[in-house]
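Read the structure below first, then the notes.
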Amino acid sequence: MICTHENYETVLETKGYKLQKCLSCYIIFAKNDKNDTLDRVQVYENYYKKEKANRFGFLLELLVRMFRFLRASKIFFSAPRSKSILDIGSGRGYTLYYLKKYFGFKKTVGTQISENAYQYSKQELVLEIYNRDLLDISFQNSFSIITIWHVLEHVESPERYIERIYQLLDQDGIFELEVPNYISWTSRWTGRHWLAIDLDHHITFFTPESLTLLLKKYNFQVIKMRTFSLEYSTFTSVQSIINLLTNTDSYIFKWLGNMDFNPKIILHIFLFIILLLPCLIVNLILYFSNSGEVLTITTKKCKKYD
């Protein structure tokens, strides 16, 4: 179970799933009619099956790497004295690579359960990567900063992850995480068409209230919270609205993963261009609200008191 409580309410039903909200801790989790669970290893093998140095094509790949460099710089400036980092679900490893190469981090460690991404990180970027679940790894040292970007929504036991992260973090260490924000403006407007529903990959859904409660339960002090991401917010808004208007399932998002041409993509790209600027403006206006598309939180580990 996602949490240990017993009282839930159904907040959405779609594609054979019920999204149920815990009435005690307010976490929302997806449960299908057959009570099946996702094969997360296979999911990520499919996602990273085309892993290579220029995975997305030149221009999009350049943009992706720019975002990873910006992420690395944000990590550095949020904890400039930190010299060791654990990045959970580290993708191809570019954030760790940039922290090591440009920002003076002495120890950069990642986890990645996809074999393709794991091999790329290890062989091409020469990083210290573990291809097992965080809960199955026995680390020999602690870390001054731990990050988990768009991973917590994929795991079946978010509380166990938060507890394990607390154990692995230095005293007064920094923990940064980012997840989709279930109460974002397009989530409320587009409902089941919201891009981040993504029931092929996502199990758990968070709001500022539920994630803050979870972090405080495990003795993390919230330092900063925002609901805007230059990388994800505008794209999520645009794709969600296009899903609603065309009654389709994240066509552009899936097309970007394979680049196979289909005449249908022309209409979707046209709508994307029209909606891009208005959605960017709305997300910038909502920067300090609780209604942006993503939820990014920086926390500090505090002492436990009996």
Protection proxy ranking of 69-75, 247-253 - average other beta-carbon atoms within 10 Å, highest first:
69-75, 247-253
Above-threshold pairs, the threshold being 21 Å between Cα atoms, out of Lys100/Lys122; Lys107/Lys303; Lys216/Lys303; Lys216/Lys301; Lys217/Lys301:
Lys107/Lys303
Cα-centre dipole for the chain with unit charges at Cβ (Lys and Arg positive, Asp and Glu negative), debye to 20:
940
Bin by bin, in steps of 5 Å, what percent of the Cα pairs in the range 193-256 do you find, going until the bin that has the longest distance?
3, 15, 20, 20, 16, 12, 8, 5, 1
Enumerate the helices in the chain for which the Kyte-Doolittle hydropathy averages 1.6 or more and the C-alpha atoms extend at least 18 Å along the helix's axis, using complete DSSP H runs.
264-285
Can you give the helix-only mean residue ellipticity at 222 nm for the chain, where every DSSP H stretch with n ≥ 4 adds -39500 (n - 2.57) and the sum goes over all residues, rounded to the nearest 500 deg cm²/dmol?
-11500 deg cm²/dmol
Mean projected area (nm²) of the alpha-carbon convex hull when the chain is viewed from all directions:
16.0
For Asn7, put the label point 7 Å out on the Cα→Cβ axis and report which residues of the range 195-216 keep their amide N under 18 Å from it.
210
Counting only residues 5 or more apart in sequence or on a different chain, those whose built amide H sits under 5 Å from that of Ile27 are Cys22
Ranked highest first by average number of other Cβ atoms within 10 Å, how do 256-264, 269-277 line up?
269-277, 256-264
In a Gaussian network model over the chain where Cα atoms closer than 10 Å are linked, find which of Ser237, Ser24, Ser187 has the largest mean-square fluctuation.
Ser24
Under 10 Å, Cβ to Cβ, from Thr299 - net charge with Lys/Arg +1 and Asp/Glu -1
+3
To check you understand DSSP bridge types, tell me what percent of the beta bridges within the chain (both residues inside) are antiparallel, rounded to 5.
60
Which GluC sites (Glu not before Pro) in the range 76-159 pass both tests, a DSSP loop state and at most 15 other beta-carbon atoms within 10 Å?
Glu156
Sorted from fewest to most neighbouring beta carbons within 10 Å, what does the list Trp189, Trp194, Trp149, Trp255 look like?
Trp189, Trp255, Trp149, Trp194
Return the inverse of the average 1/r over all pairs of distinct C-alpha atoms in the range 156-203, which is the Kirkwood hydrodynamic radius, in Å to one decimal.
13.1
In which sequence would Val222, Val294, Val282 go, from the one with the fewest C-beta neighbours within 10 Å to the one with the most?
Val222, Val282, Val294
Here the residues of the range 158-181 lying in the modelled label zone of Lys303, meaning backbone nitrogen under 15 Å from a point 7 Å along Cα-to-Cβ, are 171-173
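Bear in mind these aren't lab numbers, they're just calculated from the coordinates by the rules spelled out. Predicted model, so just to flag it, every value in this text is computed and none were measured. Please note: Cβ atoms are built from the backbone with ideal geometry, for glycine as well, and neighbour counts cover all protein chains shown.
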